[in-house]
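Novice: One structure follows; several queries about it will come next.
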Amino acid sequence: MKQALTTIVLMVLAYLCGLAAQALGLPLPFMLGPLIGAALIATGMPHRLPEGYCFPNALRLAFIAIIGLMIGAQVTPALFSQAQGYALTLGAVTLFVGLAHGAGYAIYRRLGGYDATTAFYASAPGGLYESIEMGAAAGADMTRLMMQQFLRIIVVVTVMPLGLSLWLGAPMGSAGGMTLARGDVPWSDLPVVALAGLGGLALGHVLRLPAGQMTGPMALAAVLSLTGWLSLDLPQWLVNLAQMVMGAALGMRFTGLSRGLLARGAGLALLAVGSMLAIGVALAAGLHALTGEAVDVLVISLAPGGVTEMALIALSLNANPAFVTLHHIYRIVLTVLVIGAAARFRPARRDAPPDR
C-alpha cells in the first residue's frame, strides 16, 4: 500500500514540476521537470521513501511504449524518397559511434578514474538499458554505470535544444511548443492505442529488439503507417503523462547516491557528452558539404541520445522527424551490436575509486 501511495504522490509532484518547467520554457518540460523533482527527492530525502521503494517498472514500460508509438507514427512513405542519401548519413553515424565511444571512454577512464569495464559501458553512446544490462553481467560498478548513462540522456536533451535555441534565436523542440501529438483525439481511440502499445511491447520482446520497450511499439506503428492500415493519433495529455512517468522513473534512479558522487558524475558527463557533440558537429559539417542537408538537422541526427526531443526539434526546423529518428535508431542498434561483440574481449575489472 505504501508503495502505491508513494507512486501516486510522486506523480502529483511530477505534474506540478512539469507545469513549473513549462512556465520556465525548459525543453521537454513534462519530462525534465519531473526528473529534476524526483532526483531531488531521491538524493535529498531518501529517508522519506518507503524502504526498498522502486518506481513501478510495468508503469514505466507502458508509457515508454506510448512514446514509441508516437514516433513510429511519423514514418511515412515520404521518408524513403531520399533513401539514396542515407548511405552517407548512416555511414557518418557509424563513424560517430566509434569516435564518440572512444572519447567517452578516455574521459571516464583517465579523468574519472573508472575501471576499464565501467568506463567502457558508461561511455556507450546509445543503448541505455542494454549497456547497463551488459555492464552488470561484465562486473561493472553499477552505481557509476547507471549514473553516467542516465546523465548522458539528461545532458543531451537539455543542452541540445537550449544550444540550438541560442544559435537560431528561437525556442526549439518542445520548448517552442512543438509536439508529435494532437489535442483533439477522441476517447474512443484510446483502446486502439493501448492494444498497439501492448502489441509493440510483445514485438520488441519476441524479436529481442534493442531498446525493445520503445523500438517494438515504434516498429509496429511504422508498419501500420506505411501500409495505411491504421493511422495512430495520440492526445497531448497522454504524451505529457508518458513523459511525466519517464521523468519520475529516471529521477528515482538516483536514490541513495551521495551528492558528491552525483556532482562529480555530472561534471564527467558534461565533458563526455561535450566531446561527443563536438564530434557530431564536425561530422555534420562534412556531411553538409557532401549532401547539402542542413547542418542543424544533421547535428540533431548525430546527437548521442534523446530520440523524442530530437524528433521534436526536427519539427521546429521543418525537417522530417522520422528521418532524424531513423538515424537515432541506427545509432542505438549499432552501439548495442558493438558493445555486445566487444564484451568477449572486455578487460578485467579493477576496483573503482571510493566515492568522493
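Novice: Among the residues of segment 20-39, what is the count of those that are without any contact (Cβ under 8 Å) to a residue 60 or more places away in the chain and farther than 24 Å from Leu164 by Cβ? Even if it seems obvious, please write down each step before you answer.
Specialist: As a first pass, look at segment 20-39 and keep what is without any contact (Cβ under 8 Å) to a residue 60 or more places away in the chain: 20-24.
If we keep only those that are farther than 24 Å from Leu164 by Cβ too, we end up with none.
Matching residues across segment 20-39 total 0.
Novice: With respect to the numbered conditions (1) at pLDDT below 85; (2) more than 30 Å from Leu164 (Cα to Cα), which one is the sole condition not fulfilled by Thr7?
Specialist: Result: Thr7 fails condition (1) only.
Novice: I would also like to ask the following. Quick one: how many residues across segment 48-61 are part of a helix (DSSP H, G or I) and either within 15 Å of the chain's Cα centre (by Cα) or crowded, with 18+ Cβ neighbours inside 10 Å (or both)? So that I can check it myself, show each step before the final result.
Specialist: Step one: list which residues in segment 48-61 are part of a helix (DSSP H, G or I), which gives 48, 57-61.
Among the residues that remain, those that are also either within 15 Å of the chain's Cα centre (by Cα) or crowded, with 18+ Cβ neighbours inside 10 Å (or both) are: 60-61.
Going through segment 48-61 one residue at a time, the tally reaches 2.
Novice: Any residue at all in segment 256-268 that is modelled with pLDDT of 85 or more and either part of a loop (DSSP other than H, G, I, E, B) or under 22 Å from Met214 (Cβ atoms) (or both)? Break it down stepwise before answering.
Specialist: Taking segment 256-268 first, the residues modelled with pLDDT of 85 or more are 260-268.
So of that shortlist, the ones also either part of a loop (DSSP other than H, G, I, E, B) or under 22 Å from Met214 (Cβ atoms) (or both) come out as none.
No: zero hits.
Novice: Of the residues Gly113, Gly126, Gly169, which single one is modelled with pLDDT of 85 or more and either touching a strand residue (DSSP E or B) at 6+ places or on another chain (Cβ under 6 Å) or surrounded by fewer than 21 Cβ atoms within 10 Å (Cβ to Cβ) (or both)? Give the derivation first.
Specialist: Details: Gly126 fails: either touching a strand residue (DSSP E or B) at 6+ places or on another chain (Cβ under 6 Å) or surrounded by fewer than 21 Cβ atoms within 10 Å (Cβ to Cβ) (or both); Gly169 fails: modelled with pLDDT of 85 or more.
None of the others qualify; the one that does is Gly113.
Novice: Could you please tell me which pairs satisfy a Cβ distance under 8 Å, a separation of 6+ or placement on different chains, a first residue in segment 149-167 that is more than 20 Å from Ala103 (Cα to Cα), and a second residue that is buried (at least 21 other Cβ atoms within 10 Å of the Cβ) and β-branched (Val, Ile, Thr)?
Specialist: Close Cβ pairs satisfying both conditions: Pro161/Ile313; Leu164/Val299; Leu164/Ile300; Leu164/Ile313.
Novice: I've got another one for you. Restricting to segment 25-47, count the residues that are more than 18 Å from Leu262 (Cβ to Cβ) and either modelled with pLDDT of 85 or more or over 23 Å from the mean Cα position of the chain (by Cα) (or both). So that I can check it myself, show each step before the final result.
Specialist: To start, the set of residues in segment 25-47 that are more than 18 Å from Leu262 (Cβ to Cβ) comprises 25-31, 33.
Narrowing further to those that are either modelled with pLDDT of 85 or more or over 23 Å from the mean Cα position of the chain (by Cα) (or both): 30, 33.
Of the residues in segment 25-47, 2 are more than 18 Å from Leu262 (Cβ to Cβ) and either modelled with pLDDT of 85 or more or over 23 Å from the mean Cα position of the chain (by Cα) (or both).
Novice: Looking at segment 262-281, is at least one residue closer than 30 Å to Arg144 by Cα, touching a Ser or Thr at 6+ places or on another chain (Cβ under 7 Å), surrounded by fewer than 20 Cβ atoms within 10 Å (Cβ to Cβ) and not hydrophobic (A, V, I, L, M, F, W, C)? If you could, list the steps in order and put the result at the bottom.
Specialist: We begin by selecting, within segment 262-281, every residue closer than 30 Å to Arg144 by Cα; these are 262-281.
Next, only the ones that are touching a Ser or Thr at 6+ places or on another chain (Cβ under 7 Å) stay: 262, 272.
In the following step, the residues that additionally are surrounded by fewer than 20 Cβ atoms within 10 Å (Cβ to Cβ) were identified as 262.
Keeping just the survivors that are not hydrophobic (A, V, I, L, M, F, W, C) gives none.
No; the residues of segment 262-281 include none that is closer than 30 Å to Arg144 by Cα, touching a Ser or Thr at 6+ places or on another chain (Cβ under 7 Å), surrounded by fewer than 20 Cβ atoms within 10 Å (Cβ to Cβ) and not hydrophobic (A, V, I, L, M, F, W, C).
Novice: For Ala106, only one of the following conditions fails: (1) touching a helix residue (DSSP H, G or I) at 6+ places or on another chain (Cβ under 9 Å); (2) touching a residue at least 24 places away in the same chain (Cβ under 8 Å). What is its number?
Specialist: Looking at each condition in turn, Ala106 falls short on (2).
Novice: Mind telling me which of the residues Thr143, Thr179 ends up being hydroxyl-bearing (Ser, Thr, Tyr), part of a helix (DSSP H, G or I) and either at pLDDT below 85 or farther than 19 Å from Ala242 by Cβ (or both)? It would help to see each step written out before you state the result.
Specialist: On the way: Thr179 fails: part of a helix (DSSP H, G or I).
Checking each option against the conditions leaves just Thr143.
Novice: Going by the structure shown, is Leu220 surrounded by 24 or more Cβ atoms within 10 Å (Cβ to Cβ), in a helix (DSSP H, G or I) and touching a helix residue (DSSP H, G or I) at 6+ places or on another chain (Cβ under 6 Å)? It would help to see each step written out before you state the result.
Specialist: Details: surrounded by 24 or more Cβ atoms within 10 Å (Cβ to Cβ): yes; in a helix (DSSP H, G or I): yes; touching a helix residue (DSSP H, G or I) at 6+ places or on another chain (Cβ under 6 Å): yes.
When the stated conditions are applied, Leu220 passes them.
Novice: Turning to a different aspect of this structure: Based on this model, can you work out whether Gly200 counts as farther than 30 Å from Ala266 by Cα and in contact (Cβ under 8 Å) with a residue 24 or more places away in the chain?
Specialist: Values: farther than 30 Å from Ala266 by Cα: yes; in contact (Cβ under 8 Å) with a residue 24 or more places away in the chain: yes.
Judged against the criteria, Gly200 is a match.
Novice: Let me ask something else about it. Just checking, does segment 20-33 include any residue being on the phi > 0 side of the Ramachandran plot and out of contact with any strand residue (DSSP E or B) (no Cβ under 9 Å at 6 or more places or on another chain)?
Specialist: Step one: list which residues in segment 20-33 are on the phi > 0 side of the Ramachandran plot, which gives 25, 28.
Restricting the remaining residues to those that are out of contact with any strand residue (DSSP E or B) (no Cβ under 9 Å at 6 or more places or on another chain) gives 25, 28.
So far as segment 20-33 goes, yes, one or more of its residues are on the phi > 0 side of the Ramachandran plot and out of contact with any strand residue (DSSP E or B) (no Cβ under 9 Å at 6 or more places or on another chain).
Novice: Among the residues of segment 283-312, how many are assigned to a helix (DSSP H, G or I) and either of a type in the set (D, E, K, R) or out of contact with any helix residue (DSSP H, G or I) (no Cβ under 9 Å at 6 or more places or on another chain) (or both)?
Specialist: 3
The values are calculated or read from the model by the stated rules, or taken from the named source; none is laboratory data. Here the structure is a predicted model, which means the values were calculated and not measured. Here Cβ is always computed from backbone atoms with ideal geometry, including for glycine, and neighbour counts include all displayed protein chains.
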